[in-house]
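Visitor: One structure, as structure tokens, below. Some questions next.
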Amino acid sequence: MESVGLRKYENRLLVSKLIYDVILNKISVQQALTLFPKDNNDISIKCAFDALLHREADEDLRLKIEDYKETQDEFLISIADILKENQNLPKNIIEQYMKIHETNLISDNQHDFKSILKQIKRNISF
């Protein structure tokens, strides 16, 4: 039987790889999100999911605002690096995503990608 700690670490490694694959344009955000582990117990994975989803939702901002794309991608890379080291995301990052997304969007009961994206766009205030 696999230990909980090992499974958590494997899930974090997977999420880190998925984020890097998106940044390197190997896969789309949508593909990455469908491959995310359904780990409802790791708040760092939940926040990484939310952060990656924002990359898709912020497509207009990434085109219009100078340096937005680079800043957002650097932030995602830092999340990927933290998870790769099997560390928890910093408390301030978790708090920010919990303010925006109180519900867990990676639960087993999730809807299709477009439904989730619509929910994110409703929650984001510009």
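The values are calculated or read from the model by the stated rules, or taken from the named source; none is laboratory data. Model, not experiment: these values are computed from the prediction. Backbone-built Cβ (ideal geometry, glycine too); neighbour counts: all protein chains shown. Keep in mind that these areas ignore ligands, DNA and RNA; they rest on the heavy atoms of the full protein, side chains included. Shrake-Rupley method; radii C 1.70, N 1.55, O 1.52, S 1.80 Å.
Visitor: Can we say Q87 is open to solvent by 90 Å² or more (accessible area, probe 1.4 Å), modelled with pLDDT of 85 or more and not in a helix (DSSP H, G or I)?
Guide: yes
Visitor: Inspect segment 98-112 for any residue being modelled with pLDDT of 95 or more, open to solvent by 90 Å² or more (accessible area, probe 1.4 Å) and either more than 14 Å from the chain's Cα centre (by Cα) or not charged (D, E, K, R) (or both) and give the result as yes or no.
Guide: no
Visitor: From the list N25, N40, pick out the single residue that is outside any helix (DSSP H, G or I), polar (S, T, N, Q) and without any contact (Cβ under 8 Å) to a residue 40 or more places away in the chain.
Guide: N25
Visitor: So which of E56, E74 is under 17 Å from Y20 (Cβ atoms), part of a helix (DSSP H, G or I), in contact (Cβ under 8 Å) with a residue 40 or more places away in the chain and open to solvent by 10 Å² or more (accessible area, probe 1.4 Å)?
Guide: E56
Visitor: Please specify each residue of segment 31-53 satisfying the condition of being of a type in the set (K, R) and surrounded by fewer than 20 Cβ atoms within 10 Å (Cβ to Cβ).
Guide: Correct list: K38 only.
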